[in-house]
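The values are calculated or read from the model by the stated rules, or taken from the named source; none is laboratory data. This is a predicted model, so every value here is computed, not measured. Don't worry about glycine lacking a Cβ; one is built from the backbone with ideal geometry, like all the others, and counts go over all protein chains shown.
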Amino acid sequence: MITYVDASSRARRTSGVIPIHGEEGFAGMRKASALTAQALDILTEFVEPGVPTAKLDQIAHEFARDHGAVPATIFYKGYRHALCTSINHVVCHGIPDERPLREGDIVNIDLTLVVDGWHGDSSRMYPVGEISRKAERLIEVTYQSLDAGIAAAKPGATTGDIGAAIQAVAEGERMSVVRDFVGHGLGRLFHDEPNILHFGTAGTGVPLKPGMIFTIEPMINLGRPHVKILSDGWTAVTRDRTLSSQCEHSIGITETGCEIFTTSPASLFNPLAARAAA
Ligand code: MF3
Ligand code: CO
Ligand code: CO
């Protein structure tokens, strides 16, 4: 996701216009997104106590190389890794490193693979061993909020309908929605129009039209919504150090609703739910 400040700057934009993609774009997004989802599937079994996030980054990077894809984040604004790995109170943009994961951690892994110039962007929450009941609850609500956002994503609705649906789920469970980062259009660009706020008022914002392609990637906190950026310039954490959780799909608006591009081939999009079902 991008910061609200970046999202508001015109300089980033090619035209200020929301692209409407045709069949070529949808086909490109399907291919890139399927590979991203497959990589996130493969990572599931490696997320265990004792494993450093740098190892996960290496696996993702090798997977990309072996499948003719490039991780979009390498060299993106000086970022140097294939993944973002955001643990516990890290909201997003956590940097993979040599510290081992610990039993009870919750980690978001966010990956964007570029295939034939198209960007497939997705993230999931992975539990490390047994996690606390409140961490489970946070993850459940985060996925429910994304589902609600996706259900609102259809022609005739607005971007505000998506944000309002997400916010209602999170705040209905007395959790909070992070304001500082937003979902984004994508395609041949990593971050494009429109911005997708994960909060807001139904009926406001931009009307959704078939052919729009964007991410929905709510960040939900157990405590207050406020974040700060650590001195590495990337890692965003909750100011009150409460747990934070996120999941992300890339979707395209169709004539009747939306198509989710980053669906998990192995039904592992929610690793916690998949584990419970197993
Ligand atoms: N994948 C993130 C997103 O959902 C962006 C990460 S940018 C990085 O938009 F540089 F921090 F990796
Ligand atoms: Co994104
Ligand atoms: Co992402």
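List the number of the failed condition for Lys134; all other conditions in (1) in contact with a strand residue (DSSP E or B) (Cβ under 7 Å, 6 or more places away or on another chain); (2) part of a helix (DSSP H, G or I); (3) surrounded by fewer than 16 Cβ atoms within 10 Å (Cβ to Cβ) hold.
(1)
Which numbered condition in (1) without any contact (Cβ under 8 Å) to a residue 60 or more places away in the chain; (2) more than 12 Å from ligand 2 (Cβ to nearest atom); (3) among the hydrophobic types (A, V, I, L, M, F, W, C); (4) closer than 23 Å to Val237 by Cα is the only one that Ile196 fails?
So Ile196 meets the others, but not (2).
Can you name the number of the only condition in (1) in contact (Cβ under 8 Å) with a residue 24 or more places away in the chain; (2) within 19 Å of His249 (Cα to Cα) that Gly16 fails?
(2)
Output the number of residues of the range 241-257 satisfying the condition of being part of a strand (DSSP E or B) and within 17 Å of the chain's Cα centre (by Cα). Working first, answer last.
Keep residues of the range 241-257 that are part of a strand (DSSP E or B), which gives 244-246, 248-253.
Of the ones still in play, those that are also within 17 Å of the chain's Cα centre (by Cα) are 244-246, 248-252.
The total comes to 8.
Residue-wise test of (1) within 16 Å of ligand 2 (Cβ to nearest atom); (2) in contact (Cβ under 8 Å) with a residue 60 or more places away in the chain; (3) within 18 Å of Tyr143 (Cα to Cα).
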position: Gly185; (1), (2), (3): yes, yes, no
position: Lys228; (1), (2), (3): no, no, no
position: Ser245; (1), (2), (3): yes, yes, yes
position: Arg275; (1), (2), (3): no, yes, yes
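With (1) surrounded by fewer than 23 Cβ atoms within 10 Å (Cβ to Cβ); (2) outside any strand (DSSP E or B); (3) within 16 Å of ligand 2 (Cβ to nearest atom) as the list, and Ile162 as the residue in question, which single condition is left unmet?
Failed condition: (1).
Do any helices (runs of 4 or more DSSP H) lying entirely in the range 1-116 carry at least 1 residues that are within 14 Å of ligand 1 (Cβ to nearest atom), of a type in the set (S, T, N, Q) and modelled with pLDDT of 95 or more, and which ones are they? Step through it out loud before you land on a result.
Details: elements: 4-7, 23-43, 53-66.
In the range 1-116, 23-43, 53-66 are the helices (runs of 4 or more DSSP H) which contain 1 or more residues that are within 14 Å of ligand 1 (Cβ to nearest atom), of a type in the set (S, T, N, Q) and modelled with pLDDT of 95 or more.
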